[in-house]
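Student: One structure, as structure tokens, below. Some questions next.
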Amino acid sequence: MKKILAFTLLLLLIISMLTACGGNNGNGTSTSNQASTTPTVNPTQKPTENVTNETVSTSTFENGILTTDRLKIEITDYKVIDLDGWIILGIWFSVTNFTDGALKPGNAWNLLITGYRDENMENRLSLTNVPDDPLNDYLDTVIAQGDTVQSCIAYMIKDDTTLVTLVGSESVGGPVIGTMTLDLK
């Protein structure tokens, strides 16, 4: 019996809430406190241009230098390394931090530059470390604002004849801002 009474009270509460939200003033017309959305036209007024708040990106990836408003990655050298049958493409680079936020060279590279084994950008390369290079230790170094840190990274490649394309973006999954093709010969 208590369940039926509780259900009935809940049902009445819901019905009263729904009828209160209807906005009917009793004579079949709805009332509203909102202004009309029909635009008025002034025949003497000249049309104006639509102004948007979109900012134009100044990020670039040209001549081996990726620049955003937050950082700069500059590729300083690259070479093919044969390591007991494994072919590795070593890339040396520097990262400059323009912000007061934490930034590490390895994170900057991994988030903004992707290596592909072809010009179609279909065969993504796997990252590794440059063998026996002390700059590997700087991949996780926190770069202070205005400072530059040098580091290195490498990609596993199948041969040294196919071109490698580096694709730079402004942010993770963001639009491509440029590419760099590395001729491995």
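The values are calculated or read from the model by the stated rules, or taken from the named source; none is laboratory data. Owing to the predicted nature of the structure, the values given are computational and were not obtained by experimental measurement. Heads up, the Cβs are rebuilt from the backbone with ideal geometry, glycines too, and the neighbour counts pull from every protein chain shown.
Student: Tell me yes or no: at least one residue of region 160-177 is in a strand (DSSP E or B) and surrounded by fewer than 16 Cβ atoms within 10 Å (Cβ to Cβ).
Tutor: Looking through region 160-177, at least one residue is in a strand (DSSP E or B) and surrounded by fewer than 16 Cβ atoms within 10 Å (Cβ to Cβ).
Student: Could you list all residues from region 110-124 that are assigned to a loop (DSSP other than H, G, I, E, B), loosely packed, with under 14 Cβ neighbours inside 10 Å and either in contact with a helix residue (DSSP H, G or I) (Cβ under 6 Å, 6 or more places away or on another chain) or not polar (S, T, N, Q) (or both)?
Tutor: Answer for region 110-124, where residues must be assigned to a loop (DSSP other than H, G, I, E, B), loosely packed, with under 14 Cβ neighbours inside 10 Å and either in contact with a helix residue (DSSP H, G or I) (Cβ under 6 Å, 6 or more places away or on another chain) or not polar (S, T, N, Q) (or both): Asp118, Glu119, Glu122.
Student: Would region 125-139 turn up any residue that is touching a Leu at 6+ places or on another chain (Cβ under 6 Å), β-branched (Val, Ile, Thr), crowded, with 19+ Cβ neighbours inside 10 Å and free of Cβ contacts under 8 Å to residues at least 60 places away in the same chain?
Tutor: Taking every residue of region 125-139 in turn, none turns out to be touching a Leu at 6+ places or on another chain (Cβ under 6 Å), β-branched (Val, Ile, Thr), crowded, with 19+ Cβ neighbours inside 10 Å and free of Cβ contacts under 8 Å to residues at least 60 places away in the same chain.
Student: Inside region 125-142, can you point out the residues that are at pLDDT below 90 and either over 17 Å from Trp86 (Cβ atoms) or assigned to a loop (DSSP other than H, G, I, E, B) (or both)?
Tutor: Asn129, Val130, Pro131, Asp132, Asp133, Pro134, Leu135, Asp137, Tyr138, listed by residue number.
Student: Next question, about the same structure. Quick check on Thr181: is it assigned to a strand (DSSP E or B) and modelled with pLDDT of 95 or more?
Tutor: Judged against the criteria, Thr181 is not a match.
Student: If we keep just the residues of region 88-104 that are surrounded by 16 or more Cβ atoms within 10 Å (Cβ to Cβ) and more than 17 Å from Pro134 (Cβ to Cβ), which is farthest from the chain's Cα centre (by Cα)?
Tutor: The residue in question is Leu89.
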